[in-house]
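The values are calculated or read from the model by the stated rules, or taken from the named source; none is laboratory data. As the structure is a computational prediction, the values presented were derived from the model and not from experiment. Backbone-built Cβ (ideal geometry, glycine too); neighbour counts: all protein chains shown. Protein only, heavy atoms only, side chains kept; ligands, DNA and RNA dropped before computing areas. Shrake-Rupley method; radii C 1.70, N 1.55, O 1.52, S 1.80 Å.
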Amino acid sequence: MPLSLSLRRCLAGALLISCGQTLAASAELTARAFRYHGPGAPVLVVAHRADWRAAPENSLAAIRSAIDKRIPMVEIDVRMSADGEMVLMHDGSVDRTTNGHGAVSAMTLAQIKALRLKQGLGGDQAPLTDETVPTLAEVMALSKGRIMLQIDKAWALREPIYQLLTAANMVNQVVFKSDADPAQAQAFMRRDPRILYMHIVNDDNAGDFYAFGDPMPQAFEINYDRLTDEQIQPAYIDDVRRNARIFANTMWEGLSAGYTDEASLRDPALGWKTVIERHHASVIQTDNPVALMDYLTPAWPHRWLNNADVVIQAEDYVTDGKDEGYHDQDDENRGGDVYRPYEGVDVCNQEGAINLCWIRAGEWAVYRFQVPRSGYYHVEARVSSPYNPAGRFTLEFDDDGAPLDVAVATTTSHDAFESQPAGGRYFGRGEHQLRFHVSEGEYQNFNVDYFKLTRR
């Protein structure tokens, strides 16, 4: 049944915050939108492992943050403990994301609950938080009526999950997904018309779409690492979108042939714009849900860069050459052929983010940039590192004034770029110079995406 014009307008941009709707109505609205794939269907945003930039992945705090930001849906991963309790955990073990060790399936709920979750994406050096591993029941209590859930890693657990959802009257608020045999998936869908199901398609099972009849999945997750893959050809996509929504993953390069979040943040035509307009995705799972929602509204450019007066890409150092425009510890570009391969500065591609990498003590690079208006500017750097401490550098402007000193805080992954404050200073209108200098005598292992100046 088509959505009304007023509801389509309310859902447009996937924000679900207009038309006087309350938070309690958000999950219902999103569920109705998810079932509709016709003209005017809004693009829905899914936060990968919930809002892990604000809190540990798969945590109650990360889901609560997504609710507060009006993100329509969160993806979560569910596994079974040794005593039959369903908990949120992406990996088969608790090692990466908690202060514990061992397989989830070998630990009781009490043992799992005694652990503490690590910041962000976790890792060996990620700081501990006060968050604990939540059960699926706790997530449901928090989410009911407020935000939709997409459940991953859990097709084998569909029966106990369905029973929990039925008891809580939440069947229509959760999306199941799998690449199971279509007949098995259809048998599950036939059990209850409220069930929402998404089928995963990749190189190995592109023909699965044509094996479905009635009922048809509400969405197909189409993964492709090359634009020549069968499942991303126009005729195939047209067949799918006549019957269901198309779900795209933009977190990593191999899931949507290089159309990533980070590439989108450089230029939406390199990611989100093309995935939506050319490949007709109407649900997008992302590690940057707020930025994607900003893109889907008239407020673009999104807030990552919208308020910035100057953005200095770290890879765009001056062309004055070795020991004039830069100093590197060796003459090899360890990033390969990503950018400026014939010079000694290491430039990498981190899932679409072109950045300085393999940074070591004593290295430096020089930049020239234009300031459009005189005034006092807030300076920040977008960096990434799984290490703690990650490193330290200074920013020297125009050979005058005290350098801005930045201690790099862990972001829990080399692929997880976050903006970190560097301080502030006055700039007059016109051309200026920046010297990025990596401090000597300290451990250094971080990447830099860009520097940003915002007028106060």
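Name the pairs whose Cβ atoms lie under 8 Å apart, with the first residue in the range 55-70 and closer than 11 Å to SER26 by Cβ, the second hydrophobic (A, V, I, L, M, F, W, C) and modelled with pLDDT of 95 or more, and 6 or more positions between them or separate chains?
Every condition considered, the pairs that remain are ALA66/ALA47; ALA66/ALA50; ALA66/VAL74; ALA66/ILE147; ILE67/LEU142; ILE67/ILE147.
In the range 365-380, is there at least one residue being within 29 Å of THR129 (Cα to Cα), in contact with a strand residue (DSSP E or B) (Cβ under 9 Å, 6 or more places away or on another chain) and of a type in the set (Asp, Glu)?
Yes, the range 365-380 has at least one match.
Inspect all residues belonging to the range 49-68 and state whether any of them is modelled with pLDDT under 95 and touching a helix residue (DSSP H, G or I) at 6+ places or on another chain (Cβ under 6 Å).
no
In this structure, does GLU431 turn out to be in contact with a Lys or Arg (Cβ under 7 Å, 6 or more places away or on another chain), within 30 Å of LEU128 (Cβ to Cβ) and open to solvent by 10 Å² or more (accessible area, probe 1.4 Å)?
no
Being under 28 Å from ARG190 (Cα atoms) and out of contact with any His (no Cβ under 6 Å at 6 or more places or on another chain) is the filter here; which residues of the range 216-231 pass it?
MET216, GLN218, ALA219, GLU221, ILE222, ASN223, GLN231
Has the range 376-387 got any residue that is in contact (Cβ under 8 Å) with a residue 12 or more places away in the chain and in a loop (DSSP other than H, G, I, E, B)?
So far as the range 376-387 goes, yes, one or more of its residues are in contact (Cβ under 8 Å) with a residue 12 or more places away in the chain and in a loop (DSSP other than H, G, I, E, B).
Going by the conditions given, is LEU121 outside any strand (DSSP E or B) and within 21 Å of the chain's Cα centre (by Cα)?
For LEU121, the condition - outside any strand (DSSP E or B) and within 21 Å of the chain's Cα centre (by Cα) - is met.
Give me a count of the residues in the range 169-187 that are open to solvent by less than 70 Å² (accessible area, probe 1.4 Å) and either under 30 Å from the mean Cα position of the chain (by Cα) or touching a residue at least 40 places away in the same chain (Cβ under 8 Å) (or both).
11
Considering each of GLY362, GLY336 in turn, give the residue that is at pLDDT 95 or above and either more than 18 Å from GLU396 (Cα to Cα) or assigned to a loop (DSSP other than H, G, I, E, B) (or both).
Answer to the selection: GLY362.
Which of the residues that make up the range 225-235 are farther than 15 Å from ILE276 by Cα and either outside any helix (DSSP H, G or I) or open to solvent by 10 Å² or more (accessible area, probe 1.4 Å) (or both)?
ASP225, ARG226, THR228, ASP229, GLU230, ALA235
Restricting the search to the range 423-456, which residues are out of contact with any Phe, Trp or Tyr (no Cβ under 8 Å at 6 or more places or on another chain), at negative phi and free of Cβ contacts under 8 Å to residues at least 60 places away in the same chain?
GLY428, ARG429
In the range 412-430, is there at least one residue being within 20 Å of GLN329 (Cβ to Cβ) and touching an Asp or Glu at 6+ places or on another chain (Cβ under 7 Å)?
No - not one qualifying residue is present in the range 412-430.
If you take the residues of the range 339-359 that are assigned to a loop (DSSP other than H, G, I, E, B), in contact (Cβ under 8 Å) with a residue 24 or more places away in the chain and not charged (D, E, K, R), which of them is most open to solvent (accessible area, probe 1.4 Å)?
Filtering first and then ranking leaves TRP358.
Of all residues in the range 152-194, how many are in a helix (DSSP H, G or I) and among the hydroxyl-bearing types (Ser, Thr, Tyr)?
2
Which of the residues that make up the range 93-123 are open to solvent by 50 Å² or more (accessible area, probe 1.4 Å) and among the basic types (Lys, Arg)?
Answer for the range 93-123, where residues must be open to solvent by 50 Å² or more (accessible area, probe 1.4 Å) and among the basic types (Lys, Arg): ARG96, LYS113, ARG116.
From the list GLU324, GLU262, GLU277, exactly one residue is more than 26 Å from LEU196 (Cβ to Cβ), modelled with pLDDT of 95 or more and either open to solvent by 30 Å² or more (accessible area, probe 1.4 Å) or of a type in the set (Phe, Trp, Tyr) (or both). Which is it?
From the options GLU324, GLU262, GLU277, the qualifying one is GLU324.
Quick check on my filter: what residues within the range 206-215 are open to solvent by less than 50 Å² (accessible area, probe 1.4 Å) and either in contact with a strand residue (DSSP E or B) (Cβ under 9 Å, 6 or more places away or on another chain) or assigned to a helix (DSSP H, G or I) (or both)?
Once the filter is applied, which keeps residues that are open to solvent by less than 50 Å² (accessible area, probe 1.4 Å) and either in contact with a strand residue (DSSP E or B) (Cβ under 9 Å, 6 or more places away or on another chain) or assigned to a helix (DSSP H, G or I) (or both), the range 206-215 yields ALA206, GLY207, ASP208, PHE209, PHE212, PRO215.
Based on what the data block shows, is TYR377 of a type in the set (Phe, Trp, Tyr) and surrounded by fewer than 21 Cβ atoms within 10 Å (Cβ to Cβ)?
When the stated conditions are applied, TYR377 does not pass them.
Being in a loop (DSSP other than H, G, I, E, B), surrounded by 14 or more Cβ atoms within 10 Å (Cβ to Cβ) and acidic (Asp, Glu) is the filter here; which residues of the range 124-145 pass it?
Across the range 124-145, the qualifying residue is only GLU131.
Condition test on GLY424, is it surrounded by fewer than 17 Cβ atoms within 10 Å (Cβ to Cβ) and either out of contact with any strand residue (DSSP E or B) (no Cβ under 6 Å at 6 or more places or on another chain) or of a type in the set (D, E, K, R) (or both)?
In short, no.
With the structure loaded, tell me whether PHE220 is under 28 Å from the mean Cα position of the chain (by Cα) and crowded, with 21+ Cβ neighbours inside 10 Å or whether it fails that test.
So PHE220 fits the description; yes.
Tell me whether the range 85-92 contains one or more residues that are more than 22 Å from LYS177 (Cβ to Cβ) and open to solvent by less than 60 Å² (accessible area, probe 1.4 Å).
no
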